[in-house]
Number of protein chains: 6
Amino acid sequence: MTLDISECKALLYTAVLSDVMDDLGLMSQAMKPFVRPLDEGLVMMGRARTGLYMPVYDIETGDNPYDLEIDLLDDLKEGDVAVVACNGPTSRIAPWGELLSTAARCRGAEGCVTDGLIRDIRKIREMKFPVFHGGIGPLDSKGRARMMKMDVPVECAGVRVRPGDFVFGDADGVVIIPEERAEDVIARAKRKVTGENHTRDELLKGHLLREVYEKFGVL
Amino acid sequence: MTLDISECKALLYTAVLSDVMDDLGLMSQAMKPFVRPLDEGLVMMGRARTGLYMPVYDIETGDNPYDLEIDLLDDLKEGDVAVVACNGPTSRIAPWGELLSTAARCRGAEGCVTDGLIRDIRKIREMKFPVFHGGIGPLDSKGRARMMKMDVPVECAGVRVRPGDFVFGDADGVVIIPEERAEDVIARAKRKVTGENHTRDELLKGHLLREVYEKFGVL
Amino acid sequence: MTLDISECKALLYTAVLSDVMDDLGLMSQAMKPFVRPLDEGLVMMGRARTGLYMPVYDIETGDNPYDLEIDLLDDLKEGDVAVVACNGPTSRIAPWGELLSTAARCRGAEGCVTDGLIRDIRKIREMKFPVFHGGIGPLDSKGRARMMKMDVPVECAGVRVRPGDFVFGDADGVVIIPEERAEDVIARAKRKVTGENHTRDELLKGHLLREVYEKFGVL
Amino acid sequence: MTLDISECKALLYTAVLSDVMDDLGLMSQAMKPFVRPLDEGLVMMGRARTGLYMPVYDIETGDNPYDLEIDLLDDLKEGDVAVVACNGPTSRIAPWGELLSTAARCRGAEGCVTDGLIRDIRKIREMKFPVFHGGIGPLDSKGRARMMKMDVPVECAGVRVRPGDFVFGDADGVVIIPEERAEDVIARAKRKVTGENHTRDELLKGHLLREVYEKFGVL
Amino acid sequence: MTLDISECKALLYTAVLSDVMDDLGLMSQAMKPFVRPLDEGLVMMGRARTGLYMPVYDIETGDNPYDLEIDLLDDLKEGDVAVVACNGPTSRIAPWGELLSTAARCRGAEGCVTDGLIRDIRKIREMKFPVFHGGIGPLDSKGRARMMKMDVPVECAGVRVRPGDFVFGDADGVVIIPEERAEDVIARAKRKVTGENHTRDELLKGHLLREVYEKFGVL
Amino acid sequence: MTLDISECKALLYTAVLSDVMDDLGLMSQAMKPFVRPLDEGLVMMGRARTGLYMPVYDIETGDNPYDLEIDLLDDLKEGDVAVVACNGPTSRIAPWGELLSTAARCRGAEGCVTDGLIRDIRKIREMKFPVFHGGIGPLDSKGRARMMKMDVPVECAGVRVRPGDFVFGDADGVVIIPEERAEDVIARAKRKVTGENHTRDELLKGHLLREVYEKFGVL
């Protein structure tokens, strides 16, 4: 399936995608609200590439603790979104920062979402690289947590994410669109946007909400 | 009782109102700090119009899930503040967004405070409509929660709010001024502002805090 | 020991200080992420002056509830950072606000960090005085909590802070550098910054993360 | 479908039912562990009859706050289990106590599960009436919460429960068996019990866990 | 005022006291359910003697950290209940154990309630001394917390307790009866017990809950 | 080092061990109070054998999800205590139950402590096998979590545990005694027990707490 990602980012938003998935019975697609955009002005859409962390309490000698993390970063493709699952919001580590943002962008990635913390936020903001995070803090993962799996199904901020699912993020949060439903979801969302625009126009003309809701069925 | 709302908004702030109510023994009037302004530059003051939600886990057929919500919105009057109580901060729903902000403003409402989530935040910010919220997220209430009562006493972010009470919000948070105490509270707050201004002036002249506190009794 | 505070503030950041302390086995020096800067553009570094609060439920008559607080403020010295420990994040009080910021700055203090709330945030932002806080809210401490000790070891947002330790805060959070390790920590941090700059440069040239990590050992 | 409830209660247990439902892809059927049996010696199995509460902050005059609660109790049938959903574990009310236990037993009900609190626990224990609860406390629901719906789908301690689903509780907790899967689940659970018995026998003979697991595939 | 404590302990229970105080508008008198009796078979009633703790992070040299605690224990009178407020449930310390139970009983005290932890639970249970606690754990208060005030108003498990208020605890939890309302509360509670007994009798005869509720108005 | 485990279990208890370690500056050795004994009548002491879990969201085909768990169980030695770290108290899985208890006992293990849940509690209690747990629930680990490491340092209920450290559990909770300090800690604890016995005797004779504390220095 080919989606016009640029058009989606220009036309759509998480609220309308969430509503449309609700109507299709997909009611658990919005990440919990502790995940916030680092830059509320950016919109992100791409395919999920997942990494799964475990807590550790030790640094094993003769071992690169970032090994799998580096594999994931170097394997990112054009249009991918890194989904870094650390069992937030209890996570205290910042698995993502400026250097990974730089590496990811150089591979063509669209952005990152994590339920863990991030760091180097001023530099990431300057890059205009979309990062959605579960908090901000300086603690590195080394000796605290480690990526153990990549490209497996994960749960991030309460939502199941499988490699290849679509990740959409904006100022209101992040939703996951299951790959096999994406075409239908996008098509319906475009139609619903039109209804919302009509509703807004009528409300601005002073009509009561009940009249407008009865006409367009959108709230 | 008639209060000059514009003057209050220009002169007063939540901290001084909270202090004055403390002195009167009203010590539970400040909403918990998880409720934040969407726009820290806006000040809101108005009369509470309450809506009370319950969690639901189903959509009943042949039924408009937004029924009472629409009633409340269409009945808002000049100077009202919608107080939308969803049992936050555990609430996952966003009962308020751009369309309700538009409808509320068209009826003359002053703003909204909710312990639930809100959505469409970029558009609400552009409107300069004051909204104080318990988080941001895309999930609609349909099938998750429903307004069951309007214009009843509620608890919102830890504070009891009755219809007609005054709601005051600014960058520091939200306080509720019980209707029958409002005149006294406002009068005292105006006097305390003067004391705080003197204190600041003296401190800026380099006086020690103890001297200044002993002189004005304000901290 | 004499550190060039201005140079440190210009060159260093919490993430690199945290990493360097990790390497030295000091793994509990970063405050929990609920403590955030009021102004993400400011960097703060100075020596800890601590105040320790207890919850109270009453105002004792004939007694100045701010007594020790005033002592601490009036005794602040050039380069001090007030560390106000209120057992956050469960604290509901705002022990710090505009007037204390003004008093502290007049004594030459560098800033304040608290795991409690703060208030008067718009005015503090205008002052460009660095304050790192555990939330924002209007509730004064009077009748709710009281400073019982000053210049004792405290725990603030999960980190032990002793009077004289160095406090460093920026957009990513706050770290505490134990006084007796500060010289070593600072020296190592300066060297690590260089490695991170090389890493970024190589990544921007398009090198894979694995190559760059193997070359500089920095992530 | 007719299940031999007595036989199920004698042979089966929540752990084996949970495992069997896991194998069928029903992985969200066990209530969260804050729900505990009042009497760990009792086993409960029956059909769900649901009640859904909302928080209220007021007592409306001329109104019976227990109205729907009484309807549900008086309509309980032989073999029913009252499922009382109060949005636990944040609930502070005790919607169930000795008098409702007495009324429920007189109608032939099998027991009760609630994510709210219960009270009169010593008397309920003496009755040997199975009650699974989200805590213990003396606060009545009047003026704090109110049953708004009966016989609707609810969520109780993290599990969706529809009227007619089977509720099974024992010392390890509570699981919900969807009505339409019950026959299959029960049949598989009976077979798995046999495997667990063989495993235990072999372990007691001193065999290593690996050998026994490879033989019976049960852990 | 003289109450017959033995009679109250024999006739009354927390649920009926809580209901009666609700009717009088005293709706915040029941401690949160994390406070549990160590022995569910014991009933406790007596006058509050309060101690208020603060968290500390250091042991001051040449100082007895238990000083005020010993004062409170040695000053307990016949019929007193020690109310030990440690800001639970976040408290990690066990300020109460077997030795304090022994000392308290020797002074004639009726029992203890704390929102902190307790230790030596097997020995306290053998003594049949009523203790209501916020958890169980071995950590002493020394170097972690310290009693700073005695005989002041405190908050314990969400309820305000003043010296002299009545504390009543049983298997369902703990309620506080304000001293000046105690006579009225006790008298009403005795009457309500009779109504509950009638209700139970009628339910046991098989009457529907609605009939019985309409007759006695008790649930 | 050889310790007489039976003698320790008969003479010592967690509270005295915790106090003695406090005096030695080991102040983080007591597990958080959410970890409770399944049977308060049992005392457990032995050497830690650790297992570390990670959350997973998938079952990989052609793979035994219990592989490392079985290795750990089959390798337990006389006097070992299985320490099963699942990142409690947020863990929803029950990694330990009756079959593992049976297997562990057959290898000579002393008991188990986990910050996760346990299941089959009635059968484990009948076995009189000491298990300390972070809750009770029926959910198996398969598809939810997986043991990834054995015999590594872990954190369990807030305490660092290394293989070989001593684990001591009783009705008051669980403490960890670092292997290299064990001899000293045990010797001091035996002496302190004597002081506590004297204190109790004097209190029972009616002496004031202050006199007795001044004599023995024990509380």
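Go over the candidates C:GLU183, C:GLU179, C:GLU110 one by one and state the one that is among the acidic types (Asp, Glu) and out of contact with any Gly (no Cβ under 6 Å at 6 or more places or on another chain).
The unique qualifying residue is C:GLU183.
Considering only residues that are part of a strand (DSSP E or B) and of a type in the set (Gly, Ala, Ser), look in the stretch A:164-173 and name the one that is surrounded by the most Cβ atoms within 10 Å (Cβ to Cβ).
For the stretch A:164-173, the residue satisfying everything is A:GLY173.
List the pairs whose first member sits in the stretch A:42-61 and is of a type in the set (Phe, Trp, Tyr), whose second member is part of a loop (DSSP other than H, G, I, E, B), and whose Cβ atoms are under 6 Å apart, counting only residues at least 6 apart or on separate chains?
Pairs that qualify, where the first residue is of a type in the set (Phe, Trp, Tyr) and the partner is part of a loop (DSSP other than H, G, I, E, B), are A:TYR53/A:CYS86; A:TYR57/F:PRO153.
For the stretch D:167-189, indicate whether the set of residues that are among the aliphatic types (A, V, I, L, M), closer than 24 Å to E:ASP19 by Cα, touching a strand residue (DSSP E or B) at 6+ places or on another chain (Cβ under 7 Å) and touching a residue at least 24 places away in the same chain (Cβ under 8 Å) is non-empty.
Within the stretch D:167-189 (the criterion being among the aliphatic types (A, V, I, L, M), closer than 24 Å to E:ASP19 by Cα, touching a strand residue (DSSP E or B) at 6+ places or on another chain (Cβ under 7 Å) and touching a residue at least 24 places away in the same chain (Cβ under 8 Å)), the answer is no, since none of the residues qualifies.
Where residues in the stretch C:66-75 are open to solvent by 10 Å² or more (accessible area, probe 1.4 Å) and under 11 Å from C:ARG107 (Cα atoms), which of them is nearest to the other protein chains (Cβ to nearest Cβ)?
So the residue we want is C:ASP74.
Any chance you could count how many residues in the stretch D:135-156 are surrounded by fewer than 24 Cβ atoms within 10 Å (Cβ to Cβ) and either away from chain E (no Cβ under 14 Å) or more than 23 Å from D:LEU99 (Cα to Cα) (or both)?
Residues in the stretch D:135-156 being surrounded by fewer than 24 Cβ atoms within 10 Å (Cβ to Cβ) and either away from chain E (no Cβ under 14 Å) or more than 23 Å from D:LEU99 (Cα to Cα) (or both): 6 in total.
Residue by residue, here is whether (1) open to solvent by 10 Å² or more (accessible area, probe 1.4 Å); (2) of a type in the set (Asp, Glu) holds:
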position	(1), (2)
C:ASN64	yes, no
C:ALA82	no, no
C:ALA94	no, no
C:ALA104	no, no
C:ASP120	yes, yes
C:ILE124	no, no
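Here is a check on your reading of the model: is E:ALA15 under 13 Å from the mean Cα position of the chain (by Cα) and either closer than 30 Å to D:ILE93 by Cα or among the acidic types (Asp, Glu) (or both)?
Taking the combined requirement at face value, the residue does not satisfy it.
Quick check on my filter: what residues within the stretch C:23-33 are farther than 18 Å from A:ILE136 by Cβ and either part of a helix (DSSP H, G or I) or touching a Ser or Thr at 6+ places or on another chain (Cβ under 7 Å) (or both)?
C:ASP23
Looking only at the stretch C:204-219, count every residue that is within 32 Å of the chain's Cα centre (by Cα) and either in a helix (DSSP H, G or I) or within 9 Å of chain A (Cβ to nearest Cβ) (or both) and tell me the total.
Counting residues in the stretch C:204-219 that are within 32 Å of the chain's Cα centre (by Cα) and either in a helix (DSSP H, G or I) or within 9 Å of chain A (Cβ to nearest Cβ) (or both) gives 4.
Can you name the condition, by its number, that D:GLY111 falls short on among (1) open to solvent by 10 Å² or more (accessible area, probe 1.4 Å); (2) under 13 Å from the mean Cα position of the chain (by Cα)?
Checking D:GLY111 against (1) open to solvent by 10 Å² or more (accessible area, probe 1.4 Å); (2) under 13 Å from the mean Cα position of the chain (by Cα), the one that fails is (1).
Considering only residues that are open to solvent by 10 Å² or more (accessible area, probe 1.4 Å) and in a strand (DSSP E or B), which ones fall in the stretch A:38-48?
Matches in the stretch A:38-48: A:ARG47 only.
Restricting to the stretch B:49-62, and then to whatever is open to solvent by 10 Å² or more (accessible area, probe 1.4 Å) and either more than 23 Å from B:PRO89 (Cβ to Cβ) or more than 12 Å from chain D (Cβ to nearest Cβ) (or both), can you tell me which residue is modelled with the highest pLDDT?
The extreme case among them is B:ARG49.
In the set C:ILE176, C:ILE186, which member is open to solvent by less than 50 Å² (accessible area, probe 1.4 Å), away from every other protein chain (no Cβ under 11 Å) and closer than 21 Å to E:PRO55 by Cα?
It is C:ILE176.
If I filter the stretch B:18-30 down to residues being crowded, with 24+ Cβ neighbours inside 10 Å and more than 8 Å from chain C (Cβ to nearest Cβ), which single residue comes out as nearest to D:ARG144 (Cα to Cα)?
Within the stretch B:18-30, the match that is nearest to D:ARG144 (Cα to Cα) is B:GLN29.
Could you list, in sequence order, the residues of the stretch D:92-124 that are assigned to a helix (DSSP H, G or I) and either without any contact (Cβ under 8 Å) to a residue 40 or more places away in the chain or at the interface with chain E (Cβ under 9 Å from one of its Cβ atoms) (or both)?
Result: D:GLU98, D:LEU99, D:LEU100, D:SER101, D:THR102, D:ALA103, D:ALA104, D:ARG105, D:CYS106, D:ILE121, D:ARG122, D:LYS123.
Quick one: A:ALA15 ticks every box in (1) outside any strand (DSSP E or B); (2) open to solvent by 30 Å² or more (accessible area, probe 1.4 Å) bar one, so which box is it?
Answer for A:ALA15: the failing condition is (2).
The values are calculated or read from the model by the stated rules, or taken from the named source; none is laboratory data. Predicted, not measured: the structure shown is a model, and the values here were computed from it. Positions of Cβ are backbone-derived with ideal geometry, glycine not excepted, and every protein chain shown enters the neighbour counts. Ligands, DNA and RNA are stripped out before the accessible areas are found, and what is left, the full protein with its side chains, is counted by its heavy atoms. Shrake-Rupley method; radii C 1.70, N 1.55, O 1.52, S 1.80 Å.
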